Amino acid sequence: MIDYNQIENEYSVHLSNQHHLVLIRGENATVWDVEGKEYIDCNGGHGVVSVGHANKRVVSAIREQAARLMTCAASYSNDKRSMLIQKLIEITPDTLNQVFLCNSGAESVEAALKFARYSTRKKNFIGAMRNFHGRTFGALSATYHPSYKKGFEPLVPGFKFVPYNNFEKLSEAVDDNTAAILLEAVQGTGGVYIGDKKYFQRVRNLCDQKNILLILDEVQTGFCRTGKMFAFEHFDIEPDMICLAKAMAGGVPVGAVVCSDKISMKPGKHGTTFGGNPLASAAALATIEFMQEKNLAEQAMEKGNYFFKRFTARQIDCIREVRQIGLMIGIELKERVQPYISELQKRGVLTLPAGSTVIRLMPPLTISYDQLDIVIDTLTTVLKDRTGISV
Ligand SMILES: *Cc1c(COP(=O)(O)O)cnc(C)c1O
């Protein structure tokens with residue numbers, strides 16, 4: 001048999017740790033490895049598969065579109081692209097009335113930063129410590145943690161970082177040249193830290209007073225993950241730009257920026273070959289329609305609350321805190337999580353770390369309650385009974 005792990009470990013540029021699992025198939029919240037063993041996928045491709053693996057509606061939209069038209073230059077309009085743009089306008093606040101389509105989260109952040117500088121004619125950005133915005137130079141410059149940036153300097157100048165959810169520190173960092181404040185509504189990769197409603201409302205006011213753009217990176221939180229279509233809806237505010245990607249097209253690479261008319265760009269100032277291609281647009285449109293029809297936001301809310309209530313009742317000593325909003329869950333331990341994540345995998349539950357001490361769960365929002373119960377039991381076995389964990 002071909003050793004797929006060996007091929008990837010030997011010939012991929014070494015950017016992730018050694019692979020020990022070969023996934024070849026998925027259906028809703030279940031994935032199978034090459035030996036036929038099944039897993040509950042709470043990793044979800046880092047929060048991509050909100051509508052479930054091999055979602056029938058998305059699959060048939062892709063099939064149909066692949067046979068019709070896969071690519072279409074941005075200088076021409078396209079039926080699927082225009083329907084997607086209209087859908088994004090429809091599901092975001094009325095003040096957001098322009099859409100830019102791209103192919104990934106980092107690209108959406110990159111575009112938002114360029115749009116902000118160009119439209120405000122100001123240069124500086126303020127971001128939050130513990131954030132994550134992506135790996136391209138602009139998005140990387142907007143990311144706080146030195147471990148992501150070390151070895152890649154010089155980065156884009158003009159970025160300042162302040163503690164998350166701390167309004168005083170943020171307002172002190174503002175100057176006359178601040179173009180935008182860039183925040184995640186929930187800091188996902190940084191450890192699942194949930195934004196404070198009062199904080200975001202004060203930030204919104206500050207931005208209005210000082211003529212600063214508020215950019216929300218909803219790449220991970222967007223599209224029902226937190227129990228609302230977008231996480232900023234929890235705060236009763238409207239951002240000037242939203243960055244979107246991950247769950248937007250059921251697994252197909254896509255990204256978007258939705259912006260207000262404070263953004264004013266000119267032809268030729270930005271662009272992308274693949275952005276808004278009909279194939280990804282058809283997948284995104286089917287994904288969003290599915291989310292609306294199945295009321296996935298409400299499902300995420302109910303299932304997340306169900307999980308939190310049942311899991312926290314287990315009283316597990318090695319847990320410092322459980323943070324949860326919808327089906328975005330962070331279990332912070334008093335120790336390093338890697339041994340637990342490996343043991344959970346052996347027991348058929350895929351999870352992902354957020355920093356060194358947080359286990360992050362981002363299952364499909366369509367996961368069944370039966371599977372959530374299995375996840376809770378397996379977590380208890382591994383974390384409380386410490387079965388399979390050597391100290
Ligand atoms: C994943 C992520 C990104 C980067 O997205 P890519 O598609 O990996 O480039 C940016 N911001 C947030 C909040 C993310 O979770």
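Only the coordinates and a few stated rules stand behind these numbers; no lab work does. In this text, all values refer to a predicted model and were calculated from it rather than measured experimentally. Don't worry about glycine lacking a Cβ; one is built from the backbone with ideal geometry, like all the others, and counts go over all protein chains shown.
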Would you list which lysines come within 21 Å of LYS197, measuring only between C-alpha atoms, while excluding same-chain residues fewer than 8 positions from it? LYS169, LYS210, LYS228
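What is the calculated FRET efficiency for ILE91 to THR387, with r their C-beta to C-beta distance and R₀ = 35 Å, to the nearest 0.05? Present the calculation step by step, with values, prior to reporting the outcome.
Numbers: r = 44 Å, r/R0 = 1.25.
The calculated FRET efficiency here is 0.20.
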The correct pair for region 122-274, radius of gyration to one decimal and Dmax as a whole number, both in Å and from Cα atoms, is 15.1, 42
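Fewest to most neighbouring Cβ within 10 Å: what's the order for ARG310, ARG360?
Fewest to most other Cβ atoms nearby, the residues stand as ARG310, ARG360.
Find how much the distance from LYS210 to HIS20 grows on full extension, using 0.36 nm per residue of separation minus their present alpha carbon separation; answer in nm with one decimal. Each step should come with its number before you reach the end.
Numbers: separation 190, 0.36 × 190 = 68.40 nm, distance 5.09 nm.
Full extension of this stretch gives 63.3 nm more.
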Just how many % of Cα pairs in region 178-251 lie over 17 Å apart, if you round to the nearest whole percent? 40
Residue by residue, what Karplus-based ³J(HN,Hα) values in Hz, rounded to whole numbers, does region 118-134 have, using 6.51, -1.76 and 1.60 with θ = phi - 60° and x for Gly and Pro? 5, 7, 9, 6, 10, 10, 9, 10, 10, x, 10, 4, 6, 7, 8, 10, x
At a Cα cut-off below 16 Å, give the lysines reachable from LYS334, other chains included and same-chain residues fewer than 8 away excluded. LYS384
Could you sort the peptides 372-379, 184-191, 134-141 by per-residue average Cβ neighbour count (10 Å cutoff), highest mean leading? 184-191, 134-141, 372-379
In units of 2.2 N^0.38 Å, what is the alpha-carbon radius of gyration of the chain? 0.98
Given Cβ point charges of +1 (Lys, Arg) and -1 (Asp, Glu) and nothing else, what value in debye, to the nearest 20, does the dipole of the chain about its Cα centre take? 660
Calculated FRET efficiency, TYR4 and ARG63, Cβ-Cβ r, R0 30 Å, to nearest 0.05? 0.70
If each residue of separation counts as 0.36 nm, what is the full-extension length gain between TYR118 and LYS56 once their alpha-carbon separation is subtracted? 18.2 nm
Packing-ranked peptide list from 42-51, 312-321, 60-69, 273-282, highest mean Cβ count within 10 angstrom first, is 42-51, 273-282, 60-69, 312-321
At 7 Å along the Cα-to-beta-carbon direction for both ARG202 and PHE152, put a label point, then send me their distance in nm to one decimal. 3.1
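Could you tell me the calculated FRET efficiency between ASP261 and SER75, based on Cβ-Cβ distance and R0 = 25 angstrom, to the nearest 0.05? Mind showing how you got there, number by number?
Values: r = 23 Å, r/R0 = 0.91.
Working from the Cβ atoms, E equals 0.65.
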Under the 7 Å Cα-to-Cβ spin-label approximation, ASN295 and ARG135 lie apart by a distance in nanometres of 4.0
Expected sort for 96-106, 235-245, 193-203 on mean C-beta neighbours within 10 Å, highest first, is 235-245, 96-106, 193-203
